[in-house]
Structures are given as C-alpha cells and as structure tokens.
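> Next up is a structure, given as structure tokens.
The values are calculated or read from the model by the stated rules, or taken from the named source; none is laboratory data. Predicted model, so just to flag it, every value in this text is computed and none were measured. Glycine also receives a Cβ, built like all others from the backbone with ideal geometry; neighbour counts cover every protein chain displayed.
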Amino acid sequence: MADPLDNPSDSTAGKPPGRPLYKRILVPTDGSDVSAIAEQAAVEFARAHGSEIVALSVAQTYPTYAAAEASMAVDPNLDNDALRDWAERNVRRVSAAAAGAGVACTPLTVFAYSASDAILDSARDHGCDLIFMGSHGRRGLSRLLAGSETQKVLAGAEVPVMVLRPKPGTA
Amino acid sequence: MLRRILVPTDGTERSTSALEAALRLAALGHGTIIGVHASPPPYVMAPELGLAAPIHDAWRREREQLGQDAVAYIRRRAGEAGLPCETLLVTGLPPSDAIIRTAREQLCDLIVMASRGRGGLAGRLIGSETWKVLSHSAIPVLVLR
C-alpha cells in the first residue's frame, strides 16, 4: 500500500501507529461504577488506537460562608485534604488500569466548583482531542439531573465526546 | 476495534463531521459504516379523513427524497474511503427510537452523531433527539459538534 502521506485524500486509511486518530483522551472519573465503565472502555480504546490518557478527578469544593466558617472551630483544609485523597485515589485506579494495558497515562486532580467546567478546562489545557464520559441511565427526573454534567460537557466541548452508559440492570 | 458503526443523518451539514469521524474510526478497525436516515412521523392532521392526502403525499415524497439523498451521501463518502457501507431508511418512528432500534437490529457497536440536528430550540444545550439517544442507547455514542 502507498504511503498515506503521498495521497492526502486517502489519509484516513491505515494510519501508522505513530499518528493515532485521537492522540490524547481525557477520562474524567468520580469513582462511581458508571465512570468505571468509561475508564475501562477508554483504556481499551487507547490501547487499540495508540492514544494516551489523561485521567482527571475533580475534587468538588462547595462555597462556604466565611462567617459560618469562623463560627465553627473547623479547619476547612481537613475537608480539602480528604477530597484530594479521594480524587487521587480515583485517578490512581485509572493509571493502574492504563499501566496494565501499556497505555501512557497522565494523572490529574483539580479543585473546582463545577465538574463540567473542570472537565472542559482540562481538555483544553492538556490538548485532549477526545473525552470519554460515563452517563447515568436513570429514569425520569433523576435521569435529567444525573446527566446534567454530561450535558454541559457535550454543549461546551470543542472535541468529540464518547458517552457510555451502564448495561441495563448493572447500575 | 469497532466493527459496525452507525451513522445517523438528518440530511443537513451538521451530520458531516460525525460521518467523517466514523469513516476514520472504521478505516482503523476495518469496520463497516451503517448509514441511517429516520423520517419522523407526519405532522399532517387526521390523514384517515383523506382531506390531507395530497399534502401528505407531497410531504412524504419530499421526505423520501431528502432521506435518499442523505444516505446516498454516506454511501458515496464510504466508497471514496474504500469502506463497506450499508444504508437504511426508517419511517414512522421518532428519530431517536429509529436510531436506537437500528443500532440494535444491525448489531452496531458504536453510534456516531452530531450534538444537534435540524430541529429543536436554539437555546437547548444539546439536540433533543441526540439527548434521547444518549439516555437510552445501550451502546457507546460518540458525539460531535
């Protein structure tokens, strides 16, 4: 077969492994079963297509009233430490799965109020050209609520988003 | 690797970025492109009275032509990329139902579609048919702008 570079109109067929279709895949994880499905699929996809992975866990912080904080003898950093530990545990799980499959993985934890904003910012900052997301497949109102972060990512993403749902009956 | 990739088209340019992505994925995995166009049920009132029949017929012909053109474009692009391709026209179902049903019946392992199509409210974050497919599809959906 001719070198695809010689024939730009045929550049889609049989790309050499050095030029994967999607170079860097962002995989947001929140430690849930639903995101585990996306993690697994992303690692598999990355291995098959020669991509690398950026694993992201968003430690979601909540705005607190300064006055309320002052009145409580509580160090808000304790909360943040616990959040960071949780986030790091999540990305370690993805890193381990990626390492097992021989896929390069960059672990990433960020503090943010909005998970969807953090996902979109991280995709941009790290030059990701694909996002893998798990989405809850619940019924009725909770379906709308559970999917709202996915919806915001889909609306704001400049790159393609792969959406995966748990098989019926598994979540 | 992805063997059978479903590409729904509404016949607008919004579907083309999804088609191009599907072609690239299919080329990597020696996959087949399954193109589908779904005509929504007619909006004509009380077709059983026969009063609306001429309008309905004209509408149906127009829809049919649009669907044929839409899937013909997919066949042509798949042919240019040297990929096997099958196309279908589905009528009488809401597009999201038609897409999910076709994906199941055609044993597809991926759906590639645009985040919004021809219809819907401009203010919506994502097209309603796309959102319904995302909420109900058991197989992965790759969403493109």
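> Given the condition part of a helix (DSSP H, G or I), surrounded by fewer than 13 Cβ atoms within 10 Å (Cβ to Cβ) and modelled with pLDDT under 95, answer yes or no: does some residue in region B:21-29 qualify?
No: zero hits.
> Condition check: under 30 Å from residue B:16 (Cα atoms), more than 14 Å from chain B (Cβ to nearest Cβ), over 12 Å from the mean Cα position of the chain (by Cα) and modelled with pLDDT of 85 or more. Does residue A:52 satisfy that?
Yes.
> Can you find even one residue in region B:44-51 that is farther than 24 Å from residue A:160 by Cα, in contact with a helix residue (DSSP H, G or I) (Cβ under 7 Å, 6 or more places away or on another chain), outside any loop (DSSP other than H, G, I, E, B) and at pLDDT below 90?
Yes.
> Would you be able to tell me the number of residues in region B:69-84 that are more than 14 Å from every other protein chain (Cβ to nearest Cβ), touching a residue at least 24 places away in the same chain (Cβ under 8 Å) and not basic (Lys, Arg)?
Matching residues across region B:69-84 total 5.
> Could you tell me whether region A:103-115 includes any residue that is modelled with pLDDT under 95, on the phi < 0 side of the Ramachandran plot, surrounded by 13 or more Cβ atoms within 10 Å (Cβ to Cβ) and within 11 Å of chain B (Cβ to nearest Cβ)?
no
To keep it simple, each residue is scored yes or no on (1) modelled with pLDDT under 85; (2) of a type in the set (Ser, Thr, Tyr); (3) in contact with a His (Cβ under 9 Å, 6 or more places away or on another chain); (4) buried (at least 16 other Cβ atoms within 10 Å of the Cβ).
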{"site": "A:1", "(1), (2), (3), (4)": "yes, no, no, no"}
{"site": "A:4", "(1), (2), (3), (4)": "yes, no, no, yes"}
{"site": "A:9", "(1), (2), (3), (4)": "yes, yes, no, no"}
{"site": "A:12", "(1), (2), (3), (4)": "yes, yes, no, yes"}
{"site": "A:21", "(1), (2), (3), (4)": "no, no, yes, yes"}
{"site": "A:24", "(1), (2), (3), (4)": "no, no, yes, yes"}
{"site": "A:30", "(1), (2), (3), (4)": "no, no, no, yes"}
{"site": "A:35", "(1), (2), (3), (4)": "no, yes, no, yes"}
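> Give me the pairs: first residue in region A:34-51 and closer than 11 Å to residue A:133 by Cα, second residue of a type in the set (D, E, K, R) and not in a helix (DSSP H, G or I), beta-carbon distance under 9 Å, and six or more apart or on different chains, which are they?
As it stands, the answer is A:34/A:165; A:37/A:165; A:37/A:167, since those pairs meet every condition given.
> Is there any pair with a first residue in region B:108-124 that is closer than 17 Å to residue B:36 by Cβ and facing chain A (nearest Cβ under 9 Å) and a second that is modelled with pLDDT under 95 and surrounded by fewer than 19 Cβ atoms within 10 Å (Cβ to Cβ) whose Cβ atoms are under 8 Å apart and which are 6 or more apart or on different chains, and what are they?
The qualifying pairs are B:110/B:139.
> In addition: What number of residues in region B:24-42 are under 15 Å from the mean Cα position of the chain (by Cα) and either of a type in the set (Gly, Ala, Ser) or within 14 Å of another protein chain (Cβ to nearest Cβ) (or both)? Break it down into steps so the answer makes sense when it comes.
Within region B:24-42, the subset under 15 Å from the mean Cα position of the chain (by Cα) is B:33-41.
Filter once more, so that each one left must be either of a type in the set (Gly, Ala, Ser) or within 14 Å of another protein chain (Cβ to nearest Cβ) (or both): B:33, B:35, B:38-39.
Selection size over region B:24-42: 4.
> When residue B:98 is evaluated against the numbered criteria (1) modelled with pLDDT under 90; (2) more than 13 Å from chain A (Cβ to nearest Cβ), which criterion, by number, is the only one it fails?
(1)
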